Amino acid sequence: MEKHNLINEFPEFREKIHDLKMQNAHFKKLFEEYEVLENEIYKINTEQINVSDKHAHDLKAKMLHLKDELFSLIKE
């Protein structure tokens, strides 16, 4: 199973993501939240941890929302 970190999702914005993490505290906070969620979802998807379907769905919805917010900041 492939990881879905922002660099894998948006490789064409690798430098911009790095610059935003260094220069924008809000972006960095959202990025870190996204990474934590992505790691937890990866563990769920690879059956390293078990959670209810509702909890998994809620985490995925939150990650998608963060991804959309991060992408909006990247595109500015």
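Miscellaneous remarks
- Solvent-accessible area of D68 with every protein chain in place, 1.4 Å probe, in Å² to the nearest 10: 90 Å²
- Contact order relative to length of the chain, as percent, for alpha carbon pairs under 8 angstrom and 6 or more apart: 37 percent
- Gain upon complete extension [K3, A61; 0.36 nm per residue less C-alpha separation]: 19.2 nm
- Among I49, I17, the order of accessible area from largest down is I49, I17, computed with a 1.4 Å probe on protein heavy atoms.
- The angle between the Cα long axis of helix 14-23 and the main principal axis of the chain comes to about 80°, on a 0 to 90 degree scale.
- The long axis of helix 25-45 is offset from the longest Cα principal axis of the chain by roughly 30 degrees.
- Inverse of mean 1/r across different Cα pairs in the chain, Kirkwood, Å: 12.9 Å
- Portion, in percent, of the accessible area of the chain that falls on carbon or sulfur, probe 1.4 Å: 51 percent
- Only helices enter the 222 nm calculation for the chain: every DSSP H run of n ≥ 4 contributes -39,500 (n - 2.57), and dividing by all residues gives -25000 deg cm²/dmol, rounded to 500.
- In terms of accessible area, using a 1.4 Å probe and ignoring ligands and nucleic acids, E12, E33, E38, E47 rank largest first as E47, E12, E33, E38.
- Pairwise centroid distance, computed over Cα atoms, of the stretch 35-76 with the stretch 1-27, Å: 15 Å
- Here the stretch 60-76 is scanned for amide nitrogen atoms under 15 Å from the site 7 Å beyond the Cα of D19 along Cα-to-Cβ, giving 73-76.
- Summed over the residues of the chain and divided among them, the accessible surface reaches 70 Å² per residue at a probe radius of 1.4 Å.
- Nearest 10 degrees, 0 to 90: helix 53-75 Cα axis against the chain principal axis: 10 degrees
The values are calculated or read from the model by the stated rules, or taken from the named source; none is laboratory data. Keep in mind the model is a prediction, meaning the values are calculated, not measured. Glycine also receives a Cβ, built like all others from the backbone with ideal geometry; neighbour counts cover every protein chain displayed. We work out accessible area using only protein heavy atoms, side chains counted, and drop any ligands, DNA or RNA first. Shrake-Rupley method; radii C 1.70, N 1.55, O 1.52, S 1.80 Å.
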